[in-house]
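I have placed the structure first, in the form of structure tokens, so that the comments after it can refer back to it.
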Amino acid sequence: MNRRLNAIWSLAAHYKYLIVIVVGVAIVGFLDENSFRKRMELELQIDDLKSEIDKYTRQYEADTRQLKDLRRNPKHIEKIARERYFMKADDEDIYVLSDEEVPVETKDETTE
């Protein structure tokens with residue numbers, strides 16, 4: 001038992017710098033709060049947030065253009081009223097077509 005302990009101790013003493021480096025890299029790379037894994041997760045989150053910022057910027061620009069059109073052209077106001085709010089002129093009929101399936105109610109009829 002004592003021989004085995006001396007052999008392990010001499011091996012650890014011989015490779016002490018290598019052991020310290022490996023343990024340090026393991027702590028910094030995987031266990032620490034600022035680990036490489038956490039850094040990669042945060043980089044992916046930053047990329048997602050940047051793409052979301054781009055999406056909202058494009059939406060903002062489109063809405064700004066539409067608002068300018070509404071302020072300049074009264075025909076555009078009429079177009080939006082017809083499309084979104086189903087408003088109509090006095091001499092028109094509106095037909096709303098939908099892709100949604102309406103559930104059919106079935107009654108169970110039993111004959112005796």
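Below, the figures for the structure above:
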| quantity | calculated |
| --- | --- |
| Long-range neighbours under 9 Å by Cβ, at least six apart or interchain, first residue over 19 Å from GLU78 (Cα atoms) within segment 49-67, second open to solvent by 100 Å² or more (accessible area, probe 1.4 Å) and assigned to a helix (DSSP H, G or I) | none |
| Flag for ALA12 being open to solvent by less than 100 Å² (accessible area, probe 1.4 Å), of a type in the set (A, V, I, L, M, F, W, C) and not in a helix (DSSP H, G or I) | no |
| Near pairs, Cβ below 9 angstrom, 6+ apart or cross-chain, from segment 23-34 (at negative phi) to any residue that is open to solvent by 80 Å² or more (accessible area, probe 1.4 Å) and charged (D, E, K, R) | GLY29/ARG37; PHE30/ARG37; ASP32/LYS38 |
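To keep it simple, each residue is scored yes or no on (1) open to solvent by 100 Å² or more (accessible area, probe 1.4 Å); (2) part of a helix (DSSP H, G or I); (3) at pLDDT 85 or above; (4) aromatic (Phe, Trp, Tyr).
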position: ALA62; (1), (2), (3), (4): no, yes, yes, no
position: LEU67; (1), (2), (3), (4): no, yes, yes, no
position: GLU92; (1), (2), (3), (4): no, no, no, no
position: GLU101; (1), (2), (3), (4): yes, no, no, no
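The values are calculated or read from the model by the stated rules, or taken from the named source; none is laboratory data. Bear in mind that the values here come from a model prediction, so they are computed numbers and not experimental data. Glycine also receives a Cβ, built like all others from the backbone with ideal geometry; neighbour counts cover every protein chain displayed. The protein model used for the area step is the full one, side chains on, heavy atoms only, and it has no ligands, DNA or RNA in it. Shrake-Rupley method; radii C 1.70, N 1.55, O 1.52, S 1.80 Å.
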